[in-house]
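The values are calculated or read from the model by the stated rules, or taken from the named source; none is laboratory data. Everything numeric in this text was worked out from a predicted model, so none of it was measured. Neighbour counts run over all protein chains shown; Cβ positions are idealised from the backbone, glycine included. Side chains included, ligands, DNA and RNA excluded: accessible areas come from the protein's heavy atoms. Shrake-Rupley method; radii C 1.70, N 1.55, O 1.52, S 1.80 Å.
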Amino acid sequence: GGFTLAPRARAGLVRFRGAAALIVLVMSVVVVVGWVAGIRTMQSFVPGWVTMKVNTAIALGSSAIAVLVLAPPSADRVGPTRRDALVTVLGLLVCAIGLATLAEYALGIELGIDQLVVAANSDGAATATPGRMAAVTALEFALLGAAVSLASQRSPTIARAVQLLASLAAAIALAALLGHIYGVIPVVGLGHGLQIAAHTAFAIILLSASLLSSDIRVGWVQTLVSRRAGGMLARRMLPFAVAVPLGLGALRLMGEWFRIAEPAASSAAVAVTTMFTFGFVIWRTAKELDAAELRWRAAETERVELALRETDANARAEAERAARGTAERIAKQKEEALAVLDLVLESSPVGFALLDPDLRFGRVNAAITTFTGVPADAHAGRTIREIVPHLADEIEPSFRRVLATGVPVIHAERSAPIPGMAGRRRFWLSSAYPLRTSSGAVLGLGVILLDTTERRQLESQLQQAQKMEAVGQLAGGVAHDFNNLLTAIKSFSELLALDLPMESPLRSDVGEISAAADRAAALTRQLLAFSRRQLMQPVVLDPNDVVSAILALLSRLIGPEVTCLPILSGEVGRVLADRGQLEQVLVNLA
């Protein structure tokens, strides 16, 4: 829940736990050796005091080993370890020793656990069970063993239970230790298992304190060691709460022993001293809390001011980043737009060029090269006269007027001979406009050239087609009228041939007239086919005859510069078609 402990304090607690467990382990080993060797001083430490029993020493040693092995709590540990299993086993062993001894007292039975290691006949205390630990000690070990067996678990609820069990064991041991100090527990004469050795009580207090420090994240130990105000107050008050009653109680007993003061006076002195002592401690603590609060408020104010300054700095930095991002985005958009514009200009069939006020080329696109015949990268810095000298006299005056007047020239039609092609010319539309800054100053000239040569050719072809159509219409009308005349000539020649006798020499002349009329009719038929006025009359015919018959007309149509040579095939076969339409197809192809 946000609990923190300084690293030095945490290390100090770990060292304290290890030292306390080590002291108890050494003490238990000394006692066991004393029982085995029969040295009473090693069993009681103080001559005349109650001895520590062998099973008591074994239980204390097992508890000390468990505390030494016990791993500190860790947030990244997953599942129990072998160390945790060993701690649990040792704790259950200690708890079992305590519970078995309590059962011996409660049920009046002898389980034999008191004499397993050493056969103790007498411990100097004249008890009925010389090798058995006191009932209070057995209760202590039942509590302490349960706390040790649970200490390896990391649940907050179990940690609180460990603290409760260890606190109860420490409280009972402290009461027994004070009884020894104040002399309220006699050294000898107790045969009912109520007497606990002083060094046993001291060892249990050390082990209980070690268990309390094993997990300081929960319970009242967390409050005691925290760095907050409650922890500071607890650490300030707790030593006095322990030391003052102990000291005053000792002084009172000394006064009674040496008859310095009456019991009532001693009680009054104890009460007054306690009030003044705790009053001074409370006042001193309150003063430090006030000072700490003032320091906290100053630190909080400084923190708020620092946070505000940091917020302002972050806001300014964010605004600067946003501005930079916007500028970068705009620059990137401009760059992308310029890249797209460059791509459009380079791929455009329309020529584009930028000229400075001296009419020197700057930027040009690829289409310009089709007009100038000079590579695009060779234009930079060169004048119009250097690039197209044959057009400079015509172009430069117009461009200079645009620079001088600011009036653009739109779609001015120009032409020039095509090199290497006699009689052929290139036509284009030229537009020029001034380039100005935002203040209106002229930076140079923009020139756009649009090639119209193909369009002019298409226009010429259209005009020629229109002429051909008019000629066809005229030829059709003439052929139709001429065909009427030929019909009359043909008819009269046939009538004349009928009137002449067979031996008449004039019959051959009449035949020539009729043959000439037939040839003229064939010519009119060709003219009608050319004018598309003949009615469709499908007949079975030989295509070779059609080609041969129309050859003379084709030669006249396409002109003397083209030779028309028929290449006929004998395998073409015969077809069903309108002769006039087939002749028209040949005319169109020619």
* Grab the helices (runs of 4 or more DSSP H) fully contained in region 105-214, keeping just those with 3 or more residues being surrounded by 16 or more Cβ atoms within 10 Å (Cβ to Cβ) and at pLDDT below 80. => 156-182
* Give region 484-515 a look and list any residue that's within 30 Å of Leu557 (Cα to Cα) and surrounded by 15 or more Cβ atoms within 10 Å (Cβ to Cβ), or say none. => Leu486, Ile489, Lys490, Ile513, Ser514
* Asked: With respect to Leu308, is the statement that it is modelled with pLDDT of 85 or more, among the aliphatic types (A, V, I, L, M) and either part of a helix (DSSP H, G or I) or surrounded by 10 or more Cβ atoms within 10 Å (Cβ to Cβ) (or both) true?
  -> yes
* Asked: Hey, does region 426-434 have a residue that's among the aliphatic types (A, V, I, L, M) and open to solvent by less than 70 Å² (accessible area, probe 1.4 Å)?
  -> yes
* Whichever residue in region 325-347 is among the hydrophobic types (A, V, I, L, M, F, W, C) and within 30 Å of Leu429 (Cβ to Cβ) and, among such residues, is most open to solvent (accessible area, probe 1.4 Å) -> Leu343
* To do: Within region 348-379, track down each residue that is open to solvent by 80 Å² or more (accessible area, probe 1.4 Å) and of a type in the set (Asp, Glu).
  => Asp358, Asp377
* **Matching residues, region 351-386, being among the aliphatic types (A, V, I, L, M) and over 27 Å from Ala441 (Cα atoms)** => Ala366, Ala367, Val374, Ala376, Ala378
* Structure fact -> Note on Ala590: of the conditions (1) farther than 20 Å from Ala479 by Cα; (2) modelled with pLDDT of 85 or more, unmet is (2)
* Qualifying residue in region 469-483 (condition: in a helix (DSSP H, G or I), of a type in the set (D, E, K, R), surrounded by 15 or more Cβ atoms within 10 Å (Cβ to Cβ) and at negative phi) -> no
* Asked: Which is without any contact (Cβ under 8 Å) to a residue 24 or more places away in the chain and not in a helix (DSSP H, G or I), of Ser491, Ser504, Ser508?
  -> Ser504
* Asked: Got at least one residue in region 449-464 being in a loop (DSSP other than H, G, I, E, B) and either open to solvent by 100 Å² or more (accessible area, probe 1.4 Å) or out of contact with any Asp or Glu (no Cβ under 6 Å at 6 or more places or on another chain) (or both)?
  -> yes
* Could you list, in sequence order, all residues of region 348-386 that are part of a helix (DSSP H, G or I) and more than 19 Å from Ser431 (Cα to Cα)? => Ala376, Asp377, Ala378, Glu386
